[in-house]
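For reference, the structure is listed below as structure tokens.
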Amino acid sequence: MRSINKFLSEKPSGVLYHYTDSAGLMGIFREKELWATNINHLNDASELRHAMSLLLTEVESRLRNPGLDPESQRIWNDHLDGWRRYPPESDSAVVSFSTNGDQLSQWRAYCPRGNGYSLGFSLADLSYARKAAGALLVKCIYDQTEQRELICAVADYMEASHRRSKRFDGLGQLGFLGRTSHKVVAAMASIKNGGFAEEGEWRLVLEEAKNTPPRFRTGRFGILPYYGIPLCSRSEKVTFTDVYMGPHAEPGVAERALILFLNAEANAGTLQNRIKRSATPYRY
């Protein structure tokens, strides 16, 4: 069984693609940021609820173990008591990426009416965002056996962290528990329904920004809270690896416009072989 720290240290082997429409693409380069959506407003309606149900099952199983030591029993009973009184909620936010830059289901979901792009980022392209926002990059887990193993590792980490927290006093203890909580939320945010497996999703998980108020935009389900994650400093331009254009009635016209835009707004360098047309023959 891998530890939570080992899981969080995993890195993608290739480019990660962020699907968006033309307004989103222009916003990324002009505002020099990605938008992290509140985790309660994502497309998978179950999201953290499913992960939390797995964690509750694991905790209840541990408490039924007659060999459980008194300290562990106290830790988990305290957790259960707190969860009953204050159901766990999270205002963490995520940015979603896919390992596939040309996927029909993604074009349909995020890029309506032939107005879509998938922007490719290498790990180096995302390094500023990860450091500036303190965001954790996680690979989504779809296999049920792997999910249960990860939840078991999460429970082990939670228990060990609460034991270690006794070394700290006052604000030091709160800070330590806050850092461990971010890792727990990031790991649990990686658990997704198997029906989404084809997306091959990775996520940048931003813990609740207590000192930064959320911004708001309209979404499919009404008001959608989000946070901006900077991709570079204000004096720099965004770097990227490549970009796919979604299915389009006039790809030549769309490509010329994209080249003009990237030359003006991005740290584009040479664009040869970096702009790619979707191979999906889809008609909107």
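The values are calculated or read from the model by the stated rules, or taken from the named source; none is laboratory data. Here the structure is a predicted model, which is why all the values come from computation and not from measurement. Heads up, the Cβs are rebuilt from the backbone with ideal geometry, glycines too, and the neighbour counts pull from every protein chain shown. Remember, those area values only see protein heavy atoms, side chains included, never the ligands or the DNA or RNA. Shrake-Rupley method; radii C 1.70, N 1.55, O 1.52, S 1.80 Å.
The condition of being of a type in the set (Asp, Glu) and either over 30 Å from Val253 (Cα atoms) or within 13 Å of the chain's Cα centre (by Cα) (or both) does not hold for Asp125. Selection of segment 197-246 for residues being outside any loop (DSSP other than H, G, I, E, B), under 19 Å from Gly14 (Cβ atoms) and not acidic (Asp, Glu) yields Ala197, Trp202, Arg203, Leu204, Val243, Tyr244. Could you list, in sequence order, all residues of segment 139-162 that are closer than 22 Å to Glu207 by Cβ and open to solvent by 10 Å² or more (accessible area, probe 1.4 Å)? Once the filter is applied, which keeps residues that are closer than 22 Å to Glu207 by Cβ and open to solvent by 10 Å² or more (accessible area, probe 1.4 Å), segment 139-162 yields Lys139, Asp156, Tyr157, Met158, Glu159, Ala160, His162.
What number of residues in segment 205-240 are in contact with a Phe, Trp or Tyr (Cβ under 7 Å, 6 or more places away or on another chain), at pLDDT 85 or above and surrounded by 13 or more Cβ atoms within 10 Å (Cβ to Cβ)?
Our first condition is that a residue be in contact with a Phe, Trp or Tyr (Cβ under 7 Å, 6 or more places away or on another chain); within segment 205-240, this holds for 206, 209, 212, 214-215, 217, 223-226, 228, 230-232, 238, 240.
Remaining after also requiring at pLDDT 85 or above: 206, 214-215, 217, 223-226, 228, 230-232, 238, 240.
Add one more test, that the residue is surrounded by 13 or more Cβ atoms within 10 Å (Cβ to Cβ), and what stays is 206, 214, 224-226, 228, 230-232, 238, 240.
Residues that pass the stated criteria total 11.
Are any residues in segment 121-180 in contact with a Ser or Thr (Cβ under 7 Å, 6 or more places away or on another chain) and not in a helix (DSSP H, G or I), and if so, which ones? Answer for segment 121-180, where residues must be in contact with a Ser or Thr (Cβ under 7 Å, 6 or more places away or on another chain) and not in a helix (DSSP H, G or I): Phe121, Ser122, Asp125, Val138, Lys139, Cys140, Ile141.
With respect to the stated conditions, Arg64 fails to be in contact (Cβ under 8 Å) with a residue 40 or more places away in the chain, open to solvent by 40 Å² or more (accessible area, probe 1.4 Å) and out of contact with any strand residue (DSSP E or B) (no Cβ under 9 Å at 6 or more places or on another chain). Here Gly82 clears all of (1) touching a residue at least 60 places away in the same chain (Cβ under 8 Å); (2) open to solvent by less than 30 Å² (accessible area, probe 1.4 Å) except the condition numbered (1).
Looking at this structure, is Leu54 open to solvent by 20 Å² or more (accessible area, probe 1.4 Å), aliphatic (A, V, I, L, M) and more than 30 Å from Pro213 (Cα to Cα)? Criteria met by Leu54. Selection of first residues in segment 12-23 that are open to solvent by 20 Å² or more (accessible area, probe 1.4 Å) and of second residues that are among the aliphatic types (A, V, I, L, M) and in a loop (DSSP other than H, G, I, E, B), restricted to Cβ pairs under 7 Å at least 6 apart or on distinct chains, gives the following pairs, ordered by first then second residue: Pro12/Leu123. Only one entry of Leu171, Leu177, Leu136 meets the criterion of being within 25 Å of Ser53 (Cβ to Cβ), aliphatic (A, V, I, L, M), modelled with pLDDT under 85 and open to solvent by 40 Å² or more (accessible area, probe 1.4 Å), and that entry is Leu177. In segment 110-120, the qualifying residues are those that are over 17 Å from the mean Cα position of the chain (by Cα) and not in a strand (DSSP E or B), and the one that is surrounded by the most Cβ atoms within 10 Å (Cβ to Cβ) is Cys111.
Picking from residues in segment 92-103 that are in contact with a Phe, Trp or Tyr (Cβ under 6 Å, 6 or more places away or on another chain) and farther than 20 Å from Asn40 by Cβ, the one that is surrounded by the fewest Cβ atoms within 10 Å (Cβ to Cβ) is Asp102. If you scan segment 241-258, which residues turn out to be of a type in the set (Gly, Ala, Ser) and open to solvent by less than 80 Å² (accessible area, probe 1.4 Å)? Within segment 241-258, Gly246, Gly252, Ala254, Ala257 meet the criteria.
Residues in segment 1-56 that are in a helix (DSSP H, G or I), in contact with a Phe, Trp or Tyr (Cβ under 6 Å, 6 or more places away or on another chain) and farther than 21 Å from Ala268 by Cα: 1 in all.
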